[in-house]
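In what follows, a single structure is set out as structure tokens and then discussed.
The values are calculated or read from the model by the stated rules, or taken from the named source; none is laboratory data. Note that the structure is predicted; figures quoted are calculated from it, not measured. Every residue, glycine as well, gets a Cβ built from its backbone with ideal geometry; the counts of neighbours run over all protein chains shown.
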Amino acid sequence: MKLEIYDTYEEVSERAAAIIAAQIREKPDTVLGLPTGETPIGTYDRLIREYESGKLDFLHVTTFNLDEYYPISPCDVQSYRYFMNQHLFLHVNVPMDATHVPEGSAEDADAACAAYEKAMREAGGVDLQVLGIGRNGHIGFNEPGTAPDSLTHKVTLTQDTIEANSRLFNHISEVPTHALTMGLGTILRAKKIIILITGKNKQNALRQLLSGDADCPASVLCGHSDVTVLCDRAAAEGVTA
Ligand code: GLP
């Protein structure tokens, strides 16, 4: 696992966008695995700027998002589909039918998860997986205790995650209690992985990840051969690269 520490969130975003852009330039039909959350917004903004200045083409790119609340309509402003449309997809030339988010409105969650795995396999697998991290070390919505070989599945969110995510809702009671998420095994199948860890409230998650703490779901990344951790000084206080 490679660790890169930058002074600011902006620099982390710059570096993440540069890695993603280089990947797309090298392999125009790249399959990207993408996260939601506040952390990747700066990265997405930079990718949009690259596209707008004619330096990046998403025409042959395919995307698979990590997770989605369940149940939720894709039109709901709180849905991760809505988030991705607003923060990236509607601003670049990726064909909308090449963008995938787990189907939060599916009647049969298990069938939707199996279909998601099949679609990823048929697309050739994820070339570059971008990750954020929850303050309890979750990646996607894989909470502590998730099996390392798990595939896309329905989960019950922990109280800690519900509380952390409630900042984006009017009231905590509005936060969905379930989600569909790529499993840890799904994530580990990506050829290359970058994980963005920024801000003081992620200090503990970063420390747990670096020490391979089994209580931290992100620790499974220690077993992957091509993982880069991009973090800012606020998250990395006391850590040396
Ligand atoms: C959510 C998402 C994760 C994301 C995490 C951190 O729970 N399911 O994929 O990484 O939040 O979000 P933020 O970047 O807003 O801290």
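Name every residue in region 204-226 that is within 15 Å of the ligand (Cβ to nearest atom) and either over 25 Å from V155 (Cα atoms) or assigned to a loop (DSSP other than H, G, I, E, B) (or both), in order of residue number. Across region 204-226, the qualifying residue is only C216. In this entry, T146 passes the filter for residues that are among the polar types (S, T, N, Q) and under 24 Å from A114 (Cβ atoms). The C-beta contact set for region 127-143 (first residue closer than 21 Å to R25 by Cβ and among the polar types (S, T, N, Q), second residue in a loop (DSSP other than H, G, I, E, B) and at pLDDT 95 or above, distance under 7 angstrom, 6+ apart or interchain) comprises Q129/A190. Considering region 1-107, the qualifying helices (runs of 4 or more DSSP H), each wholly inside and each with 2 or more residues that are among the acidic types (D, E), surrounded by fewer than 21 Cβ atoms within 10 Å (Cβ to Cβ) and in contact with a helix residue (DSSP H, G or I) (Cβ under 8 Å, 6 or more places away or on another chain), run over 9-26, 41-52. The set of residues in region 109-148 being assigned to a loop (DSSP other than H, G, I, E, B), charged (D, E, K, R) and more than 20 Å from Q208 (Cα to Cα) consists of D127 alone. Out of region 116-165, which residues are away from the ligand (no atom under 13 Å from the Cβ) and hydrophobic (A, V, I, L, M, F, W, C)? Of everything in region 116-165, those that are away from the ligand (no atom under 13 Å from the Cβ) and hydrophobic (A, V, I, L, M, F, W, C) turn out to be A119, M120, A123, V126, L128, A147, L151.
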